[in-house]
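Handing you a structure now.
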Amino acid sequence: MIREWTSDRFGERYRTMRLNSGFEISHYYKPFSLQAAFLSVDFGSLHREYTKTTGEVMGHPMGSAHFLEHKLFERATEDINLKMAKLGVSVNAYTSYDRTCFYFFGSSCFEEALTLLLELPVFPEFTEQGVEREKTVIAREIELYEDDVDTLAYRGAIEALYPGHPISEEILGTADSIEEITAASLREIMRDCYTPSRMQLLLIGEFDKGVLEKIADALPAAYHEKREDVRETSHEVTGTSMNQIRTFSETPLPGFMYLQKLPLISEGKERTMHHLQWEIILESLTGSASTLYTHEYAKGTILSLNSYTVDYPDVSFLCIHGEGREPEAFFDSLQRELLKLESAMIDPADFLSIRKRRIGERLRSFDQYAEISFRFFDQRRTGLSLFEEADLLFQLPEQTIYLPKGDWVYSVVSKEYK
């Protein structure tokens, strides 16, 4: 079955074919010579615990999703990166909380490159020896983040805001957790979670109209197999373990991270609408033209300030972070401004100005392949099509909601006081 989505407002379109196995192939049309393919698997760091159809509860070491992403590039013969480079394409991958994605960009030899990409998650060639070697590589990658101020501030805050929840775990894992990973445990994840119904292939660029049917016919047999899916584990969200945290590091400039829980709203459209509004409210609070930023910057308490919201099925929170010489003084000012937003709406002119700018950003994003793919795969979570979600920006009222109260954590990273 093939469905087509078009947007007269944005002048964009894409088509999706869903196979009987549940595997989906989509073509997002762009009239450019550059072509790209993104193969996404619904298995990220949040999914290391799940229940099989037999009722057996499975748990894998922290960092398994990211480790598996690395090992799927291992080949017994020629390195996959070298093969792709010879074809004139650039290949890469990433692991997030809710997915692992393999992708490439290029303007030549697309079919050959796509064949190699599609083989990665269904024809693994990694060995136990290769897994042991990879532990050293990933341990070094973990070390690179140990002194990163933003990472330390976020880690301290998220662990306190959601204690015991997998959202508070490191996507890369820890030096100890990756030691527990084996070739057998990675293959078990592939059998259980790398199933066709949890996978999507997105093509972006200019292709023949029959490209979906052509690719479906040429797919490895594994993509056509209808397999039982696992049930993801629901995690209890408990109260915040503490409100203020300080981590010591030899950083020349302190960093800070403020996290606050947001309400969980069940309906996809309403939930997305609320987050779009909350992000506009946050920008009015923390943007470069905001009263908070301009006053605190002028006083020298902060040098940078940013904000965003995060939303997954059972966790939702806002984040305000930055760097500055006096994070405690800034926090006092931040609390006063947040208190105002709990009972007062922002200036309508500010709301309309920020919304207009965000609409412009969204329009520009339709020419950015990576941005298209991120939002495209987010459809799994929101239940809204790519264009339905973008259309909501035009439908936002000036403001009908406030910034809600919620559990919060303020994390600071600085040098240790002598």
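Would a scan of region 67-89 turn up a residue that is free of Cβ contacts under 8 Å to residues at least 24 places away in the same chain, among the acidic types (Asp, Glu) and closer than 25 Å to residue 108 by Cα?
The answer is yes, given that some residue of region 67-89 is free of Cβ contacts under 8 Å to residues at least 24 places away in the same chain, among the acidic types (Asp, Glu) and closer than 25 Å to residue 108 by Cα.
Examine region 30-51 for a residue that is of a type in the set (Ser, Thr, Tyr), in a strand (DSSP E or B), over 25 Å from residue 110 (Cβ atoms) and touching a Gly at 6+ places or on another chain (Cβ under 9 Å), and state whether such a residue exists.
yes
Within the set of pairs 6 or more residues apart or between chains, which connect a residue that is assigned by TED's automatic domain parsing to the domain that holds residue 198 inside region 97-117 to a residue that is modelled with pLDDT under 95 and polar (S, T, N, Q) with Cβ atoms less than 7 Å apart?
104/90; 105/90; 106/90; 107/33
From the list 264, 259, 276, exactly one residue is assigned by TED's automatic domain parsing to the domain that holds residue 313, under 25 Å from the mean Cα position of the chain (by Cα), surrounded by 13 or more Cβ atoms within 10 Å (Cβ to Cβ) and assigned to a loop (DSSP other than H, G, I, E, B). Which is it?
None of the other options fit; the residue is 264.
OK, next. Exactly one condition in (1) surrounded by fewer than 17 Cβ atoms within 10 Å (Cβ to Cβ); (2) under 20 Å from residue 225 (Cβ atoms); (3) small (Gly, Ala, Ser) is false for residue 59; which is it?
It fails just one condition, (2).
Given the conditions (1) more than 30 Å from residue 111 (Cβ to Cβ); (2) over 23 Å from the mean Cα position of the chain (by Cα); (3) at pLDDT 95 or above, and given that residue 219 satisfies all but one, which numbered condition is not satisfied?
(1)
Yes or no: region 152-160 includes at least one residue that is surrounded by 20 or more Cβ atoms within 10 Å (Cβ to Cβ), among the small types (Gly, Ala, Ser) and more than 20 Å from the chain's Cα centre (by Cα).
Yes, that holds for at least one residue.
Restricting to region 233-256, give me the number of residues that are part of a loop (DSSP other than H, G, I, E, B), among the hydrophobic types (A, V, I, L, M, F, W, C), exposed (fewer than 15 other Cβ atoms within 10 Å of the Cβ) and in contact with a Phe, Trp or Tyr (Cβ under 9 Å, 6 or more places away or on another chain).
0
Looking at residue 291, is it loosely packed, with under 15 Cβ neighbours inside 10 Å and at negative phi?
Against the criterion (loosely packed, with under 15 Cβ neighbours inside 10 Å and at negative phi), residue 291 qualifies.
Now a separate question. Could you tell me whether region 227-250 includes any residue that is farther than 23 Å from residue 167 by Cβ and assigned by TED's automatic domain parsing to the domain that holds residue 113?
yes
Cβ contacts < 6 Å: first residue touching a residue at least 60 places away in the same chain (Cβ under 8 Å), restricted to region 312-340; second residue charged (D, E, K, R), any location; separation 6+ or different chain. Result?
From region 312-340, the pairs are 317/261; 330/296.
The values are calculated or read from the model by the stated rules, or taken from the named source; none is laboratory data. Everything numeric in this text was worked out from a predicted model, so none of it was measured. Positions of Cβ are backbone-derived with ideal geometry, glycine not excepted, and every protein chain shown enters the neighbour counts.
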